[in-house]
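The values are calculated or read from the model by the stated rules, or taken from the named source; none is laboratory data. Small disclaimer: the values here were computed from a predicted structure and weren't measured. Here the Cβ positions follow ideal geometry from the backbone for every residue, glycine too, while neighbour counts run over all protein chains shown.
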Amino acid sequence: MQMMESLLNSKLWASPSRSKPKDWKKQDVAMGFIVGILIGLMLMSGTRYIFSAKPSATDAVQEMRQSHIGEATLSTLAKSMDNETIHVLATSNGSPYQNIQTRIMYGSFLKVQSTPLGKQRLKGFTRILHRTQPDNLMDEVPTFQASPLNPKCDEWCEFPVADRPDAVRQWLDHVEEDPTTVKGTWLLMLETDYVFAKVPDLPTKISADGEVLPVSFPFHYIQPTAKHLEPIIREMYTEDLGPVTDIQPTGPAPVLINIQQLTRLILDWVRLTDHIESSPAAKEALGWRPPIVFSLDAPPASILTVQPPNDEALGAAALYHYTWGAIISNAAGEKIWSFDKRDYTAEEHANKPPKLQLLPPFEPGWKLQDGKIVSKELYYILDHEITLMNEVISGLPQLSS
Ligand SMILES: *[C@@H]1O[C@H](CO)[C@@H](O)[C@H](O)[C@H]1NC(C)=O
């Protein structure tokens, strides 16, 4: 398997400098472009999945195509499963930073799953752990362990998220071996920094050929149409395929996609990730991200998530995504409350997540770190998010390393 070897031999992880988890978001931007291309095409049409000018029919890819979930299994699954059920998939490299988040997310999943609608719809949860060694969440969180493309990422590597597509591919291979692994028709692909507030709605948009289309989330900082990215994008999505505006500003999470659809795009996801990872120019260009700016007027745009304090209401969304840090100051300019996931990266945090500071009672005149006024609506969802997280945290046992 030549392709796998080239992936394994990638020099990508060679950088000796240790960066903070904060920088990981950059990598999500690069991943976002790839999935944006894939999702964009799926949203346009239910049938166009193979699109790159790059050869996709190499022996290695053909071999991989045969090595994962096949038509017979898909058809058995389609017949045997209720089409209104969801199986949650969350990828992780098992770092303390991701493990504290995973424990909180899984706890919030269990809580929502115990409601009447949750029992009906939320059928399964799998953490896809791309790591050479099991970690200490194996007993607490249902886990599928995938072999990482780069074993260095067990400790530290520059770009752990590059292992994700191949880890998801390995999980699909496992479904082929044991179809009972998958419990729901719709796969809800998440990162670890989410909190379930309610049961997600199901996709409703139908393509011209009658297929229920997947749902993703628009990230305003992913800008596939940026002029300077065009040469990079065009290597993957050539002009004959359509305008760059076909590409959605989405990431690989959150995405609600059915197992047939994921099966159709998984190899392209693996291949395009490899394409970007092997191109210094593409990495450089896509690793770019705009300065962190808050645009509080952006309405919630998805049935999947909202991102306080960037969004001010839960709306139809089912999950909070706590990717932005929040710092609140009172009218006198004194800092009175803050929360940032980047403060929780130590092993002791993962083994016994500390209770988060609750917001003090609301007072008008509070501001966020960017000067925006904290509205009552925003206060409510921040308070809701922290309260949900604390409810889980208070029930989590101490783990040993
Ligand atoms: C489930 O199947 C029914 C009947 O074919 C269809 O009307 C409905 O839209 C499907 N729901 C989803 C979420 O695919």
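Screening the candidates Pro252, Pro308 for the property of being modelled with pLDDT of 85 or more, away from the ligand (no atom under 16 Å from the Cβ) and not in a strand (DSSP E or B) yields one hit, Pro308. In segment 99-109, the condition of being at pLDDT below 95, out of contact with any Asp or Glu (no Cβ under 7 Å at 6 or more places or on another chain) and not in a loop (DSSP other than H, G, I, E, B) is met by no residue. Taking first residues from segment 180-193 that are assigned to a loop (DSSP other than H, G, I, E, B) and partners that are within 16 Å of the ligand (Cβ to nearest atom) and modelled with pLDDT under 95, the Cβ contacts under 7 Å between residues at least 6 apart in sequence or on separate chains come to Val182/Leu77; Val182/Ile259; Gly184/Met81; Thr185/Met81; Thr185/Asp82; Thr185/Asn83; Thr185/Asn258; Thr185/Ile259. Residue count for segment 178-204 satisfying the condition of being more than 10 Å from the ligand (Cβ to nearest atom) and either among the charged types (D, E, K, R) or under 20 Å from the mean Cα position of the chain (by Cα) (or both): 18. Being modelled with pLDDT of 80 or more, more than 21 Å from Asp370 (Cβ to Cβ), within 16 Å of the ligand (Cβ to nearest atom) and in a loop (DSSP other than H, G, I, E, B) is a condition met by no residue of segment 273-286.
In segment 112-123, the residues that are at pLDDT below 95 form no Cβ pair under 7 Å with any partner that is among the hydrophobic types (A, V, I, L, M, F, W, C) and surrounded by fewer than 19 Cβ atoms within 10 Å (Cβ to Cβ), whether six or more places apart or across chains. Looking across Ile373, Ile386, Ile393, Ile381, one residue alone is loosely packed, with under 12 Cβ neighbours inside 10 Å and either among the hydrophobic types (A, V, I, L, M, F, W, C) or not assigned by TED's automatic domain parsing to the domain that holds Ala346 (or both). It is Ile373.
Among the residues making up segment 89-123, those that are within 16 Å of the ligand (Cβ to nearest atom) and either buried (at least 23 other Cβ atoms within 10 Å of the Cβ) or closer than 20 Å to Ala253 by Cα (or both) are Arg121, Leu122, Lys123.
Check segment 239-249 and report whether any residue there is in contact with a Phe, Trp or Tyr (Cβ under 8 Å, 6 or more places away or on another chain) and modelled with pLDDT of 85 or more.
No; the residues of segment 239-249 include none that is in contact with a Phe, Trp or Tyr (Cβ under 8 Å, 6 or more places away or on another chain) and modelled with pLDDT of 85 or more.
Listed by position, the strands (runs of 3 or more DSSP E) enclosed by segment 319-367 that each have at least 2 residues that are surrounded by fewer than 19 Cβ atoms within 10 Å (Cβ to Cβ) and out of contact with any helix residue (DSSP H, G or I) (no Cβ under 7 Å at 6 or more places or on another chain) are 326-329, 335-339. Based on this model, can you work out whether Ala162 counts as closer than 24 Å to Ala350 by Cα, assigned to a helix (DSSP H, G or I), more than 16 Å from the ligand (Cβ to nearest atom) and at pLDDT 90 or above? Spelling it out, it is not the case that Ala162 is closer than 24 Å to Ala350 by Cα, assigned to a helix (DSSP H, G or I), more than 16 Å from the ligand (Cβ to nearest atom) and at pLDDT 90 or above. Looking only at residues in segment 205-243 that are within 16 Å of the ligand (Cβ to nearest atom) and within 12 Å of Pro254 (Cβ to Cβ), the one that is surrounded by the most Cβ atoms within 10 Å (Cβ to Cβ) is Ser216. Within segment 133-144, none of the residues are over 19 Å from the mean Cα position of the chain (by Cα) and either assigned to a helix (DSSP H, G or I) or within 16 Å of the ligand (Cβ to nearest atom) (or both).
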